[in-house]
Structure formats: structure tokens, C-alpha cells
Amino acid sequence: MRYLSTRGHPTALNFSQILLGGLAPDGGLYLPETYPKFSADDLSDMRGMDYRQLAFVVLSRLADDIPAGDLKALIDKTYTIDTYCHGRQDSDYCQITPVRKLEDDLYILELSNGPTLAFKDMAMQLLGNLFEYALDKAGQDINILGATSGDTGSAAEYAMRGKHNVRVFMLSPEHGMTRFQQAQMYSLQDANIFNIAVRGVFDDCQDIVKSVSNDLEFKAKYRIGAVNSINWGRIAAQVIYYFKAYFAVTSENTQKVSFSVPSGNFGNVCAGHIAHMLGLPVQKLIVATNENDVLDEFFRSGIYRPRTAAQTLHTSSPSMDISKASNFERFIADLTGRNTAKVAELWRAVDAGGSFDLKPDGLFDQLKDYAFESGSSSHADRIRTIRMAWEKYGVMIDTHTADGLKVGLEHREAGIPLVCLETALPAKFEDSIQEALGIQPERPAGLENLESLPQRVEIMNADVAAIQAFVAKHAND
């Protein structure tokens, strides 16, 4: 399996060669040269597999340069009940990514039972082990520079904390995350973890990460790596749970399933798109946004119009307060038929602060071949949906999952199972749960007094040079 840049850089690399680096040298994102396809017989063989077995089957196609025994050991080390079950080990319900049935053909895929209570743990724990494995084999270390709107940061830090050859520099917006999300990150005292609160919004943080990654001299000198969903390893790991959910809600491979996915940076739903390209029988991939509805605007109009930091709203589903969706480039590369010159042209406009329209050249008309639909949700919608799920189904959901459920129900089709992806546990968004239900969500054991712990964080301006200087100062700590 070889990987190429979405923007046309000619060098094809294997999985291990792109694992640590993030962006390609030309600023593009990596995609498989061609997608391996799971046949009907393959799907039949996969039905009934547990999560670790599915992970091995999927990842062995996408990371075929890692010896099978090593890959299996990494997967078995990562996906354990102890890591993904939060004290429910004795429950019959306890499993990795359980599917909760709300009613006939309506489900929630629970992805937030990992150590930081968010779906990012499903990929990040594996990525931490993959990084350690690759670095040990190469005799190297790495300085990870990442950006978070709430959940990626804590998931990355918990996956990388204490690892002897990894340092993490995580940028987050100074305001916008909940107190719980901030405390999860800032309370970590591990010497290899550096939190930087940026005076700005998530898009400022993400722009800094991309600028540093595109400074090839700095990137090489200070061994800069990436854990955001620009990293292909993250996307590859997230593909697994789409297969797991599909087999959980169907009985035969002739059935199709729709997935509703809360979307900000397009990473989670991009993994669904990849699963579809690998042969998973998908009816719809429903992109659910909050008030920052750049992606919804595109799927309705064909116009991709990122907004400025000043135009990006702070909402009650803050992990989706994103107006430049990094992984969207991967989908557009497929939509253009891997026309890398076209992708590079489109993103030159985006990187210059502009937009693009896919209607004039007919590309928008081809969207129907990729199963995408979309919708948006407001704060009032979230509160109503949280209340509805609690009163009708006895299930408490967080604000982002509420966006997904609300939009998913608008696109639901009779006779087609609809799986709504959970993104975080309600405990991370207590104020909104209190507003919707008048009660506080239960916290997993050990997190009761998280906000009162001592915190370590640097507050800095959205200045690329200043961030680079900070990384350089601590790159060998």
C-alpha cells in the first residue's frame, strides 16, 4: 500500500513513512494510491469478529508494511476492556464501541468510553502505540505539534503521556472549551506534555500547526510530527468502528446503513467515507454541523466558504467550532478523481482566505455518487434533542451527539438503519445538560474534582514565530 499527496507531490510512501509527519511536503494530505476493496466474501468473514479482529483485518490492508505479528500485538495492546470500559468491566453491556438501540432502526454508536471520554480515544490510543513502535525501531524521538477544539488535545496527551521519546505541544483556544475539557489537558503534570492556550479560535491554532508543518527546515530540525486528523493514522484507525457498527445493526451484507456524524474538522465522517470506499455498504453519510455550518453550506450549494476567526462562533458544541475543515481536502481529492492539480488550485484559494464553487465545472453534480447529505443544528436544537433523548429513550447524550441525532433524524429513511455517532460523554458539557434536564451528568470515578487540580498552561498570542520559539526551547527537554 502506497500513499500519495492530494496536491501531487510525486513521491509515494508507505504507511510507516507517513505515520509521524502529518502533511506532505507540498502541504497536501496523504491518501492511499488506490483503495483496497473488501468483497462480499470478505465482509462475510468479518461479520462476528470482535473489535481487535476487525482492527487487524482493516489495518493490515492500510498498513501492510508493518509485520503482521507486530501489528496484531499493537492492536491487542491498544483495544482492551480496561482502556475502553470505565469501570463497567463486570457488565454484560461492556464492550468496545457498543451500539445502543433507541428504537427499531435507530442507534447510537458509543465511542466515548475511553480514558478522556471522547471518540478521539478510539484512534489516539492506537496512534500513541504506533508512534512508540515506529520511533523505537528508528531510534528517534519526536515533537508533536497539535491543535484542539476540545477533545483531540486531551486524547493525544493521555495517549502520549510518559512516553520516553515523545513530547506533545498542544495548542487550544484560550476561550471556547468547557472547564472540564481545559482541566483534562492543563492538569497533566507529565514532563513531556506542553499546553499552549492561544489568544484566538481553533482555526488560528490549526493554521499555526499547518504553517509550522510547511516550514520544512524547522520541521526537520526539530522533528515535528502531527496527531490531528491530518495524520492518516488517525483516519485509518477510525475506519474500524464503522465496520463494527455496520455488523452490529445488520444481519446480512445486502443491507445498507446510514451514519449521522457530528462534524467540525471532517475527520470522523472522512473515516466513514473511507470505509464506504473500502466497500462498506453505506446508504448515507450525514454531515451534522452546529452554527458553524461551512460544511453544510457546501453539501447544499457546492460552495466551500471557510470563515475567518472573527466569524467563527462559540457554541455549546465547542469541539465543532471550526470553519476550516482540514480533512475535507481528502474527500475533494476523491471527488475530483484524484486530479491533484485541481485540488492544489482549490486550496491555493482557500489558503489565501478565499472560497471555491464546484458547480460550474460539474463536480457538484457528482456528489450523488458519494452518499453525502447534511444539515445544521442550533443551541435550541441541541437542548431540545438532549431533552427528547432523555425523556423518550432514557439516554443522556452530549451536545455534539445531539447535533448528530437531530440532523440524522431529519434525513432518516424508513427501513434503513440509522447509526448516530456519539462523540463525547455528557460529563464534559455539564452546563448544557443542566440547562436541558435540570440535573448534572454523572462523572466516571476519579474525575469528580478534575477542575480543582493544579494546572500547567502557557498563554500565547496566535503568532507562528513565537510558537516555533517555544517548541525550539523545549524540543529536547
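One table, with the values for the structure above:
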| quantity | calculated |
| --- | --- |
| Test: Thr78 is free of Cβ contacts under 8 Å to residues at least 12 places away in the same chain and farther than 18 Å from Thr423 by Cβ | no |
| Residue that is surrounded by the fewest Cβ atoms within 10 Å (Cβ to Cβ), among those in the stretch 277-297 that are part of a helix (DSSP H, G or I) and without any contact (Cβ under 8 Å) to a residue 40 or more places away in the chain | Glu297 |
| When residues of the stretch 149-162 are limited to those that are at pLDDT 90 or above and either among the charged types (D, E, K, R) or in a loop (DSSP other than H, G, I, E, B) (or both), the one surrounded by the fewest Cβ atoms within 10 Å (Cβ to Cβ) | Arg161 |
| Residues of the stretch 163-221 classified as small (Gly, Ala, Ser), touching a helix residue (DSSP H, G or I) at 6+ places or on another chain (Cβ under 6 Å) and assigned to a loop (DSSP other than H, G, I, E, B), total | 1 |
| Test: residue in the stretch 356-366 that is in a loop (DSSP other than H, G, I, E, B) and either surrounded by 17 or more Cβ atoms within 10 Å (Cβ to Cβ) or touching a strand residue (DSSP E or B) at 6+ places or on another chain (Cβ under 8 Å) (or both) | yes |
| From Val257, Val261, Val239, residue being touching a residue at least 12 places away in the same chain (Cβ under 8 Å), within 15 Å of Leu285 (Cβ to Cβ) and surrounded by fewer than 24 Cβ atoms within 10 Å (Cβ to Cβ) | Val257 |
| Of the criteria (1) surrounded by fewer than 19 Cβ atoms within 10 Å (Cβ to Cβ); (2) closer than 30 Å to Ala427 by Cβ, which one Tyr370 fails | (2) |
| Residues being under 19 Å from the mean Cα position of the chain (by Cα) and either of a type in the set (Gly, Ala, Ser) or outside any loop (DSSP other than H, G, I, E, B) (or both) - total across the stretch 308-333 | 14 |
| All positions within the stretch 383-430 that are assigned to a helix (DSSP H, G or I) and among the hydroxyl-bearing types (Ser, Thr, Tyr) | Thr385, Tyr393, Thr399, Thr401 |
| Residue in the stretch 40-54 that is over 21 Å from the mean Cα position of the chain (by Cα), surrounded by 15 or more Cβ atoms within 10 Å (Cβ to Cβ), in a loop (DSSP other than H, G, I, E, B) and not basic (Lys, Arg) present | yes |
| Residue list for the stretch 334-355, filter: of a type in the set (A, V, I, L, M, F, W, C) and either touching a Phe, Trp or Tyr at 6+ places or on another chain (Cβ under 8 Å) or in a loop (DSSP other than H, G, I, E, B) (or both) | Leu335, Leu346, Ala349, Val350, Ala352 |
| Options Gln140, Gln206, Gln181: the member that is crowded, with 22+ Cβ neighbours inside 10 Å and farther than 21 Å from Pro306 by Cβ | Gln181 |
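The values are calculated or read from the model by the stated rules, or taken from the named source; none is laboratory data. Since we're looking at a predicted model, the values are computed, not measured. With ideal geometry, Cβ positions are generated from the backbone for all residues, glycine too; neighbour counts draw on all protein chains shown.
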